[in-house]
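Beneath this line is the structure, given in structure tokens, with notes to follow.
The numbers here are math on the coordinates, done by the rules we state, and not lab data. The structure presented is a predicted model; accordingly, all values stated were derived computationally and were not measured. Using ideal geometry, Cβ is built from the backbone for each residue, glycine included, and neighbour counts are taken over all protein chains shown.
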Amino acid sequence: MPLIKNGAIAEDVWQFATDNEKLAEQGPVAVTLARWRRDKALLRARSEPLGLLMLSGERVDDIVADLKEFELIALDFPTFRDGRPYSAARLLRERYGFAGELRAMGDVSRDQFLFMYRCGFNAFQVTNGETLEAWLRAVSEISIWYQPTNDPRAALSVLRHRQTAAE
């Protein structure tokens with residue numbers, strides 16, 4: 001599956017292990033929250049990068065104390081209609097300061113790239129053949145926003161204030 005990371009096609013170095021699958025001895029590995037809770041001591045003892053796969057119904061507040069352990073947090077979109085991963089992404093970036101890779105997985109499509117990006121996602125695992133060109137078009141289609149976010153583009157209220165101050 002193609003991975004778009006920081007605006008470019010990237011090699012996916014992460015291995016996603018199921019709850020009962022033997023972990024690879026080398027390389028970055030991501031586990032589910034259930035496995036993290038069960039095998040926390042063993043996972044902390046590894047010298048390789050560690051990631052976490054969170055399912056849509058799992059709460060970000062449950063992992064806040066452990067955020068420093070993870071270089072990647074992947075949020076699963078079970079369906080395009082499920083907005084909970086958007087909220088989780090904003091919490092991770094804006095409230096808890098997570099600076100690692102924040103990956104959108106599951107039902108990820110071009111129509112949602114821009115909104116996922118504005119919520120803090122910097123990596124997108126696409127399954128339906130979306131291209132980098134489609135991602136680049138999607139994140140540049142709208143240039144003026146009402147809501148401020150973690151996105152570096154200024155919201156309309158800030159732009160208006162700047163204009164008024166310049167006059």
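Here are some notes:
- Here the extension length gained between Ala166 and Glu94 equals 23.0 nm, from 0.36 nm per residue of separation less the Cα-Cα distance.
- Prolate/oblate/rounded label for the stretch 11-58 (Cα gyration tensor, a/c 1.5): oblate
- Nonlocal amide H pairs with Gln15, under 5 Å, H built at 1.01 Å: Val29, Ala30
- Label-to-label distance, nm, for residues given as Ala34 and Asp82 (7 Å Cα→Cβ offset): 1.4 nm
- Annotation for Asp62 and Leu23: the two label points, set 7 Å from Cα along the Cα-Cβ direction, are 1.9 nm apart.
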